[in-house]
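Taking it in order: structure first as C-alpha cells, then the write-up.
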C-alpha cells in the first residue's frame, strides 16, 4: 500500500540486461557521461539551487554491499540521476547529531512503475554527495 508521499516521476526506466555484466556496463556508461574532466563527477541539482552533487561516493558505498544487493540498486541509476538533476520535491531530511552530516532521502518512480529512493549526504563543509539509490516497497 503506497502512502501519499510526494515523489518525482522520472522519465527513465530501470536499467535492463540479460545478465549482470550488461547491467553494470550500462550503468558505468551512464556514470561516465558525468566524468568530463579529471575532477570529481557531479550533477547540478535543482532542489539545492543549482549546487553540485558529487557522484564519486556512490561506487565506494555500492562496493560495500553484496553482489545481489549491488544489482538490486544499480538498476535505478539513470532514474536516480534524473531525480537529482530535475526534482524539486521536498526530501525527508535526517540530520545526524554526532557527526554533523545530514542525509536527504528523495523518493521517485521510474517510467515503468517502480518506486525508489535516492540518498544524498551533506557533510560539515556543505558538500553534497550522492550516496545510494535503492528500491522501496512503500513510500514513508
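Computed from the coordinates by the stated procedures, all read-outs in this text should not be read as laboratory data. All figures in this text were calculated on a predicted structure; none of them were measured in a lab. Please note: Cβ atoms are built from the backbone with ideal geometry, for glycine as well, and neighbour counts cover all protein chains shown.
Over the chain, dividing the summed -39,500 (n - 2.57) contributions of all DSSP H runs of at least 4 residues by the number of residues returns a 222 nm mean residue ellipticity of -7500 deg cm²/dmol.
Measuring nothing but how far apart in sequence close Cα pairs (under 8 Å, 6+ apart) lie, relative to its length, the range 45-129 scores a relative contact order of 30 percent. For residue 138 and residue 37, what does the FRET efficiency come to when R0 = 35 Å and r is the distance between their Cβ atoms, rounded to the nearest 0.05? Efficiency, rounded to the nearest 0.05: 0.30. Average projection, convex hull of the Cα set of the range 86-140: 4.4 square nanometres. By DSSP, what percent of the beta bridges with both residues in the chain are antiparallel, rounded to the nearest 5? So the antiparallel bridges amount to about 85 percent of the total. The ranking of 77, 55 from fewest to most other beta carbons within 10 Å of each one's beta carbon is 55, 77. Among [x] 0.95; [y] 1.03; [z] 1.28, find the value of Rg/Rh (Cα atoms, Kirkwood Rh) that was calculated from the structure presented, and write down its label. Comparing each candidate, only [x] matches the computed number.
Taking the chain as a Gaussian network of alpha-carbon nodes connected by springs under 10 Å, the highest mean-square fluctuation of the residues 82, 90, 112 belongs to 112. Computed on the range 1-88, with alpha-carbon pairs under 8 angstrom and 6+ residues apart, the relative contact order is 42 percent.
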